[in-house]
């Protein structure tokens, strides 16, 4: 089966939220158990060591996203002893070089919108120059052009310093949009209290106490960094008390034509209620929910609505016994939400791709797909992105909710770095983004589940991966024609094969642009599985391949060859020596760990 939206088995589609039934009090009682381990700050002047999870961030910027013409402020955690030089690059081209004398300085990028840049800081001591830090800059007037979506999932009582702490970390990872998961009270009435007197605290679905001050504090802190804030809610959720709040029986979905059994997602305690589904195509339900969301916007300055669903529900009926085409109902539902709040953004989850065709035609700003068992291989993962691009005509970028190490998420432990980095290499090289970063790493569809923690090395690697995705967004996510390259290597240590990826080789994919070709090399040489989920955390780390010779066929005269990798020199572009004889271009690849990008530029 082609891995795309459409008709997944109901068992696969309903995987969404099924783990909610199995959530134990562990997730309720200790949501911050490992929070301190995620710390990247020092306390006062003393370095704090958090063992395997500590992350040192040496350089940061004041925002995750900048408007055209806006200055970027860089800050160093500490001033190195040597002479500092910073260089600013766009797609491998040096734009400017200047000395740095302080721990903070500013730079205004060139004119132009929707551009990615990289800043590289070097230290010179005893006549030797060394790369210290790299960091990416995104200049975009609209976050949906290059979305990098993160999440929040806990809203207990927090100080401003604690809130800023979390948002600063997401800022450093270049996250420019945040899904506020389970911030709400009741699904059918998400605001607790009234617009005139909102409640200062309320229980979420599982009974955790959410604080008004925390939700508002997170919104303010995120928007100050240039991020957009999206509140989570189902398209069709109502709790058992919904009738007392004005939700009519006639608005519900039913499992039978006699409207005896409401369609519902059954939840046992400690959940406060099961979730009873309404008909998203019912105009009265649409008007009701739009009014409840208007209440939300009057109290909280959210930027938009993240719409969730539960996938293919099988055959369901309205109150009058008519079969409901649930996927078809998403288009009018989204239209009603947009009409009610035309200045707010919309994102809708396509669970297992269910309803993606309709969602792609709607007023949603990006395409968000939660990937389950219908797509198992790395090639399948790329197919989701390619299919979404096809549905939107390349006008909407894809974000994948793809839960790495899912099978281990019921127990505490560590995220397996090779599984994450190989999956991200595929997702990012095909122009997608991955929902995975929040207060913790996301390995489960119940976002407060923080059982699996990232070790320091993975945290640092993901800094480079998100910088790389941002700095080179104009090559990764901004047009180009997918092509297969005629590429080969006589070097025994580098077995290259065109996409789709195959075990024991380096997969080759890429795009052709008017003045350059972009070639991606993803290293599956040592992979022990081609299933992207790395369910039990057993994916093997690839051995680095150094100084491998490559040849590429090109009928155009090449003027420059360079390569960059999130696994090498912080992603800074490196110019390569090359020869071209006829249509054969030859060069040596310095290093391949997980993912390299090679760029051939033409006159």
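If the condition is being closer than 23 Å to residue 474 by Cα, out of contact with any helix residue (DSSP H, G or I) (no Cβ under 6 Å at 6 or more places or on another chain) and in contact (Cβ under 8 Å) with a residue 24 or more places away in the chain, then the stretch 380-399 contributes 383, 384, 385, 386, 387, 388, 389, 394, 396, 397, 399.
Checking each residue in the stretch 514-527 for being touching a residue at least 24 places away in the same chain (Cβ under 8 Å) and either assigned to a loop (DSSP other than H, G, I, E, B) or in the same structural domain as residue 413 (by TED's automatic domain parsing) (or both) picks out 515, 524, 525, 527.
Table: residues versus (1) within 30 Å of residue 233 (Cβ to Cβ); (2) assigned to a helix (DSSP H, G or I); (3) in the same structural domain as residue 179 (by TED's automatic domain parsing).
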residue	(1), (2), (3)
427	yes, yes, yes
449	yes, no, yes
460	no, yes, yes
468	no, yes, yes
485	no, no, no
497	no, no, no
500	no, no, no
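Taken together, 559, 511, 540 contain a single residue that is surrounded by fewer than 17 Cβ atoms within 10 Å (Cβ to Cβ) and in a strand (DSSP E or B), which is 559. Restricting attention to the stretch 307-359, the residues that are in a loop (DSSP other than H, G, I, E, B), free of Cβ contacts under 8 Å to residues at least 60 places away in the same chain and surrounded by 24 or more Cβ atoms within 10 Å (Cβ to Cβ) add up to 0. For the stretch 146-165, a tally of residues being under 13 Å from residue 229 (Cβ atoms), touching a residue at least 60 places away in the same chain (Cβ under 8 Å) and touching a helix residue (DSSP H, G or I) at 6+ places or on another chain (Cβ under 8 Å) returns 3. Does at least one position in the stretch 462-469 carry a residue that is in contact with a strand residue (DSSP E or B) (Cβ under 6 Å, 6 or more places away or on another chain), farther than 22 Å from residue 577 by Cα and crowded, with 23+ Cβ neighbours inside 10 Å? Yes, some residue in the stretch 462-469 is in contact with a strand residue (DSSP E or B) (Cβ under 6 Å, 6 or more places away or on another chain), farther than 22 Å from residue 577 by Cα and crowded, with 23+ Cβ neighbours inside 10 Å.
Taking the stretch 30-97 and the strands (runs of 3 or more DSSP E) fully enclosed by it, no element has 1 or more residues that are modelled with pLDDT under 95 and within 22 Å of residue 132 (Cα to Cα). As a summary of the residue check, residue 372 satisfies the conditions (1) surrounded by 24 or more Cβ atoms within 10 Å (Cβ to Cβ); (2) assigned to a loop (DSSP other than H, G, I, E, B); (3) under 14 Å from the mean Cα position of the chain (by Cα) except for the one numbered (3). Can you find even one residue in the stretch 139-160 that is closer than 18 Å to residue 570 by Cα and either surrounded by 12 or more Cβ atoms within 10 Å (Cβ to Cβ) or in contact with a strand residue (DSSP E or B) (Cβ under 8 Å, 6 or more places away or on another chain) (or both)? No: zero hits. The set of residues from the stretch 272-290 being touching a residue at least 40 places away in the same chain (Cβ under 8 Å) and outside any loop (DSSP other than H, G, I, E, B) comprises 275, 277, 278, 283, 285, 286, 287, 288, 289, 290. For the stretch 98-120, what are the residues that are within 30 Å of residue 430 (Cβ to Cβ) and either touching a strand residue (DSSP E or B) at 6+ places or on another chain (Cβ under 6 Å) or not in a loop (DSSP other than H, G, I, E, B) (or both)? Once the filter is applied, which keeps residues that are within 30 Å of residue 430 (Cβ to Cβ) and either touching a strand residue (DSSP E or B) at 6+ places or on another chain (Cβ under 6 Å) or not in a loop (DSSP other than H, G, I, E, B) (or both), the stretch 98-120 yields 109, 115, 116, 117, 118, 119, 120. Annotation: of all residues in the stretch 255-271 being in contact (Cβ under 8 Å) with a residue 24 or more places away in the chain and under 24 Å from residue 446 (Cα atoms), the one that is surrounded by the most Cβ atoms within 10 Å (Cβ to Cβ) is 263.
Taken over the stretch 186-197, the criterion of being surrounded by fewer than 19 Cβ atoms within 10 Å (Cβ to Cβ) and in contact (Cβ under 8 Å) with a residue 24 or more places away in the chain is satisfied by 194, 195. Inside the stretch 243-254, can you point out the residues that are in contact with a helix residue (DSSP H, G or I) (Cβ under 9 Å, 6 or more places away or on another chain) and crowded, with 19+ Cβ neighbours inside 10 Å? The answer is 247, 251, 252, 253.
Filtering the stretch 122-144 to residues that are touching a residue at least 60 places away in the same chain (Cβ under 8 Å) and assigned to a strand (DSSP E or B) leaves 131, 132, 133, 134, 135, 136, 137, 138, 139.
The values are calculated or read from the model by the stated rules, or taken from the named source; none is laboratory data. Values in this document were obtained by computation on a predicted structure and should not be read as measured data. Here the Cβ is made from the backbone with ideal geometry for all residues, glycine too, and neighbour counts use every protein chain on show.
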